[in-house]
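My structure is below; once you've seen it, I'll send some questions.
What follows draws every value from the coordinates through simple rules; no lab data is involved. Please read all numbers here as calculations on a predicted model, not as lab measurements. Cβ atoms come from the backbone with ideal geometry, glycine included; neighbour counts cover every protein chain shown.
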């Protein structure tokens, strides 16, 4: 086997390792972004539910109705 053949094998191994690392890095990046998006989505839903609860409380809805519609606890609603 010539040195050129050995270098070709080494290049192929390096390329394979590099592609694996790149793939894992991309997957990690995707998961990080997805987690951020999911968290922000949940925070947005919570903020919206709080606004709805405030409006319902102002309009005189019963506490039991507000909890059913918004999913907030009675304690959370009482703190508004």
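Please tell me the relative contact order of the range 3-78 in percent, rounded to the nearest whole number, where contacts are Cα pairs under 8 Å and at least six residues apart.
Numbers: 22 pairs, mean separation 15.0, N = 76.
About 20 percent, as a whole number.
Same structure, new question: Give me the number: length gained by fully extending residue 59 to residue 42, i.e. 0.36 nm times residue separation minus the C-alpha to C-alpha distance, one decimal in nm.
On the way: separation 17, 0.36 × 17 = 6.12 nm, distance 2.56 nm.
Length gained between residue 59 and residue 42: 3.6 nm.
What share of all Cα pairs of the range 3-78, in percent, falls into each consecutive 5 Å distance bin?
3, 14, 14, 10, 7, 7, 7, 6, 6, 5, 5, 4, 4, 4, 3, 1, 0
To continue, here is another question. Between residue 75 and residue 22, with labels modelled 7 Å along Cα→Cβ, what's the label distance in nm to one decimal, could you check?
5.1
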